[in-house]
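Take a look at the structure set out below.
Nothing in this text is a laboratory measurement; each read-out follows from the coordinates by a stated rule. Quantities reported herein were computed from a predicted structural model and do not represent experimental measurements. Quick reminder, even Gly has a Cβ in these numbers, built from the backbone with ideal geometry, and neighbours come from all protein chains shown.
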């Protein structure tokens, strides 16, 4: 680790550091159990589309209290992690998945892997490349294939805007569409509008274009994943307009996965209902430690 990064995280998040890996440096928030708490393992947390490592801030302290070190990471070109602004090939799913393998090894494999939304699809790709750095895989609000038609339309609108506008112009257009609670996407999340605007402006346009396309074209790879010898956990809110909850239920059955539905949460359970989300994650990991 090196020095703190300069930006100010939202309330509840710790300052970020750089994680050095074989594939470059990545911005992370690394929260460890306090002295006197028995260490039970490490988890690598991957955020979703237009998100960042700070989205996991509400669950990191509760997980530390349960004995789990958590390392939340900005992927390549995402917020405080470097990446090219114009080269979309740098953000192919395979490249991002290989980044995750390097991150896991740098943190200290094997680790529990958690991916939210887009992060879940990248996590799945990493596990399909090489499952050996991982104890388990938890998919948070991340479905079996492409996103819903309504969300696909929103992503395509954003991609069309990015093709002709600067990031600053896009931000103004996003806010002009309505209040954050209605618009969602990059205008909604932990922290105030100043923080969310700063996060948006720091994310590389090519990353948003490439990963947005992936969300709209991702094939169903559940059968491939089910063949991997890892324990799986599918966690979501009780409502989700990105992947229908019944699709997440069906995916969990196909994976023979533990299934958690967090009441009162929508697409971002870690933000909407952090306490039950952290409890579900830790209970899953604790159960694995007890399995012969």
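Diffusion coefficient (Stokes-Einstein, Kirkwood radius over C-alpha pairs, 25 °C, 0.890 mPa s) for the stretch 47-154: 168 µm²/s, rounded to a whole number.
Could you let me know the centre-to-centre spacing of the stretch 243-281 and the stretch 57-84, using Cα atoms, in angstrom? For the stretch 243-281 versus the stretch 57-84, the Cα centre distance is 19 Å. From the coordinates of this entry, semi-axes √(5λ) of the Cα gyration tensor in Å is computed, and it appears in (i) 27, 26, 16; (ii) 43, 38, 16; (iii) 27, 22, 19 under the label (iii).
Subtracting the Cα-Cα distance of residue 193 and residue 175 from their residue separation scaled by 0.36 nm leaves 5.5 nm. Taking the fewest neighbouring Cβ atoms within 10 Å as the starting point, the ordered list for 95, 256, 224 is 256, 224, 95.
Between 227, 35, 145, the GNM of the chain built on Cα springs shorter than 10 angstrom shows 35 fluctuating the most.
Sorting 80-89, 46-55, 103-112 by their mean Cβ neighbour count within 10 Å, with the most densely packed peptide first, gives 46-55, 103-112, 80-89. If each Cα of the stretch 134-259 is one equal point scatterer, what is log10 of I(q)/I(0) from the Debye formula at q = 0.15, 0.16 Å⁻¹? Values returned for q = 0.15, 0.16 Å⁻¹ are -0.81, -0.89.
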